[in-house]
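Structure first, commentary second.
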Amino acid sequence: MKTKKREHRSASLAESQPADPISRTFAQDLFDGVAPSYDTWAQVLTFFQYLPWRRFLVSQMAFRPGNLVLDVCTGTAGVAMEIAHHNNGRIVGLDASQLMLQAGVRAIEKQNLDGRVQLIQGRAEHLPFPDETFDTVVFTYLLRYVQDPDATIRELSRVLKPGGELLSLEFGIPETSWIQALWLIYNKVVMPVMTIPISRGWHRVGCFLGPSISDFCQRYPVHRIAAIWRENGIPLVETRRLFKGVAIVMWGTKGT
Ligand SMILES: C[S@@+](CC[C@H](N)C(=O)[O-])C[C@H]1O[C@@H](n2cnc3c(N)ncnc32)[C@H](O)[C@@H]1O
């Protein structure tokens, strides 16, 4: 009951903002509006693929003992906690949404990971860390929300040590035409409708997501993102399409 009220309040606050997905406050408002129930519905709305995608992402990390890892767009800290289960180092999770981070703090305490995972509020475009701080930098579902993806990737690479690994997870669009047709129906028709009974916050996400992914993938296809990574010191970029291309994982090592 309490949770629903909070979701409604954030959604109506958010609705009074301009709906520009790359405005500074858009993502913050959008995710504040769904934070308390984020983990449950993210799984359901992705046909229970959300956790397997996250696990695949983490499985590509080359861990060394004592690694310092930065998880950008940590949200409710799901990726950060998954990393903590595979790595004995320290993880810093950064996100713009205070309510997502609050849910993350609760989850971290529940899993007794408070000594290992630290969460901070901040923006990916201006990371509050010196150059070459982290052994690994991972970011998830970020670039659709930033004004300048090139500059943001440069910023992520800046805080990565030479020889360190950069990884990302983002939604994509299936390439096979009949799967793409299903994807379009699901994202542009089904999602907006099926999120209505969940909450206003989730309905807002349901209406936003499909157009946001389509628009971003047109402007920034995977080969263009990989080129930006290369221009920013990651010479060899590997890519894996998951669930017929609905999600895309990328990873590479910064040159020394
Ligand atoms: C789809 S959620 C992903 C959360 C988490 N990584 C996961 O996999 O469950 C995207 C997150 O990105 C955050 N975000 C969006 N734009 C951001 C930015 N420019 N800087 C920091 N966080 C941002 C949102 O607040 C939200 O929590």
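Quick rundown of the values:
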read-out	value
Flag if L169 is crowded, with 17+ Cβ neighbours inside 10 Å, within 11 Å of the ligand (Cβ to nearest atom), closer than 26 Å to A77 by Cα and aliphatic (A, V, I, L, M)	yes
Check on R204, surrounded by 14 or more Cβ atoms within 10 Å (Cβ to Cβ), out of contact with any strand residue (DSSP E or B) (no Cβ under 6 Å at 6 or more places or on another chain) and of a type in the set (K, R)	yes
Members of the stretch 56-110 found to be acidic (D, E) and outside any helix (DSSP H, G or I), listed by number	D71, D95
Matching helices (runs of 4 or more DSSP H) fully within the stretch 121-200 where at least 2 residues are under 18 Å from W229 (Cα atoms) and of a type in the set (A, V, I, L, M, F, W, C)	149-158
Out of I185, I196, sole residue that is touching a His at 6+ places or on another chain (Cβ under 8 Å), free of Cβ contacts under 8 Å to residues at least 40 places away in the same chain and more than 20 Å from E125 (Cα to Cα)	I196
Residue tally, condition surrounded by fewer than 24 Cβ atoms within 10 Å (Cβ to Cβ) and more than 8 Å from the ligand (Cβ to nearest atom), over the stretch 71-83	2
Which numbered condition D215 misses (of (1) out of contact with any strand residue (DSSP E or B) (no Cβ under 7 Å at 6 or more places or on another chain); (2) acidic (D, E); (3) not in a helix (DSSP H, G or I))	(3)
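Readers should treat all values here as calculations from the given coordinates under stated rules, not as data from a laboratory. Only a predicted model underlies this, so the values are computations on that prediction, with no experimental measurement involved. Backbone-built Cβ (ideal geometry, glycine too); neighbour counts: all protein chains shown.
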